[in-house]
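No value in this document is a laboratory result; all are computed from the given coordinates. Nothing here was measured: the structure is a model prediction, and the numbers come from that model. Cβ sites come from the backbone with ideal geometry, for glycine too, and all protein chains shown count toward neighbours.
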Amino acid sequence: MTNHFELLIIGTGSGNSILTPDFDDHSVAIIERGPFGGTCLNVGCIPSKMFVYAADMAYHAQFDGPRLGVHTSFDGVDWPAIRDRVFGRIDPIAEGGERYRSDEQENVTVFRGSACFTGDKVIEVAMNDGSTEVVTADRIVLAAGARVSVPQMIIDSGVDFHTSDTIMRIDELPEHLIVLGGGYIGAELGNVFGSLGVKVTILNRSDQLIRFEDPDISSRFTSAYSDRFDVRLKTSLVSLTQDGDNIAVTIDQGNGHEVITGDAFLVATGRVPNGDELNVTATGVELNDSGYVVTNEFLQTAHPDIWALGDITNPQQLKHLANIDARAVAHNLANPDDLRSIDRSCAPHAVFGHPQVASVGLTEPQAIEAGYNIVTTLHEFASAAYGWAMEDTTSACKLVADADTRLLLGAHIIGPQASTLIQQLIQGMAFGTTVDQMARDQIYIHPALTEVVEQALLNL
């Protein structure tokens, strides 16, 4: 039997927010194989930042309090209490979201299973209970996100390993966590466990952590992490073995093999989009060379009745961008004669490590490669009153501007509150405000940390 609907949504991350009142009179199907809420709610942004907040408290108690003459100390943590606080709040949200769609909306049917296209707008759903359903729809939204990527040699080795999907739910803290990968996932989770008292070793293929950041920022970040953790750069993985709870990782940094042994291994080597698992090409949807669904500026795929949003189509894989996508798709589905496009030119991101990093726009090398005549500044937090009060010695704000138009091309901040401080620079870029206008046409509170941004702008 084939189930037919007017609208079908695959994935309940940002895709779940498409169902505005415009669709109350539509027959709608939702396909979801995992917990409702997608990556961000269940295994990504939300739980990881709740752990980051606890880790920051531990870090301040260990290092910042004594440094400032405050008698704080770190006596360890109650890991189960930290973990259960996080998921005790998150899991009911996922369960409630599913209940709402399944039980409280008469026009919505939820299929709990894995979707796979078998023909033009025809989907076979391998249900989680072992049965199979066939679903068709007039219009379809692909919002199935991405999944963790694990190198085949690790899978073939047979060693126990964690990913960001599993590491946050472990029952007890390891003594020594080996992290493979120095991108934002490895940086954030490495900081969490390191701040909570775990020995951390980070194995990184390139010569810098978070290497896609501006070089001045990634260099400072790498230095800060190297002071805290055992950071191995320019590292290649040779082999992995396991004896009981101990995992032996053999690496090569160009000077021979070395074996590092830990009792937990975190693979943080990125995420890949789920378009291939959905077999979207069977319905006329195109994938690019990296596996992302190809869309036009309105988020419409090569098939006129199929739309895509979020991580399945955008390599930046950011929740705030997926949310913007979802709003655009919801509008475009309801208003086919008034389509809205997506502008990601001022899309920011942040790394919630310690130190924190936030960025928007072009890095200095990218601006040079694009042919701009640029002017740059790298302004230390310590030059502003609040940064000086904090006795900050490592944080900075870097700005890259067009010397001819005086428009800001990129902003990059490393240090406390970076993800908040960058917001006014994002706004300035989005509204085409010159760096001179941003610096002089408003009053900055003294001695707030925002003076770091003011002074950096004045330097330009």
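In angstroms, what radius of gyration and Dmax does the range 152-269 have, counting Cα atoms only?
Spelled out, the Cα radius of gyration and Dmax of the range 152-269 are 13.5, 42 Å.
If the cut-off is a Cα-Cα distance under 21 Å, which lysines reach K319, setting aside same-chain residues fewer than 8 apart in sequence?
Counting by Cα, and skipping residues close in sequence, K319 has these lysines nearby: K49.
Could you work out the local net charge near I445, counting Lys and Arg as +1, Asp and Glu as -1, over the other residues with Cβ closer than 11 Å to its Cβ?
-2
In the range 37-120, which GluC sites (Glu not before Pro) fall in coil by DSSP and have 12 or fewer other Cβ atoms within 10 Å?
Sparse-neighbourhood loop GluC sites (Glu not before Pro): E106.
Tell me what the chain gives for mean residue ellipticity at 222 nm when only DSSP H runs of n ≥ 4 count, each as -39,500 (n - 2.57), the sum divided by the residue total, rounded to 500 deg cm²/dmol.
My calculation for the chain gives -8000 deg cm²/dmol from helical runs alone.
Starting from 0.36 nm per residue, how many nanometres of slack lie between S149 and S419 once their C-alpha separation is accounted for?
Separation in residues times 0.36 nm, less the Cα-Cα distance, equals 94.5 nm.
Round to the nearest 0.05 the FRET efficiency obtained for A385 and Q105 when R0 = 51 Å and r is the Cβ-Cβ distance.
Details: r = 53 Å, r/R0 = 1.05.
Efficiency, from the Cβ-Cβ distance: 0.45.
Where does the range 338-460 land on Rg(C-alpha)/(2.2 N^0.38 Å)?
Compared with the compact-globule rule of thumb, the range 338-460 sits at 1.05.
Report the full-extension gain for the segment I445 to N3: residue separation times 0.36 nm, less the Cα-Cα distance, to one decimal in nm.
That works out to 153.2 nm of additional length.
Convex hull over the Cα atoms of the chain, averaged projected area in nm²?
Reported value for the Cα convex hull: 25.0 nm².
Could you please report the charge total around D160, scoring K, R as +1 and D, E as -1 over all other residues with beta-carbon less than 13 angstrom from its beta-carbon?
-3
Which whole-number percent is the relative contact order of the chain (Cα, under 8 Å, 6+ apart)?
Once normalised by length, the contact order is 14 percent.
Pairs of Cα atoms under 8 Å, at least six residues apart: use those to get the relative contact order of the range 355-459, whole percent.
Value for the range 355-459: 32 percent.
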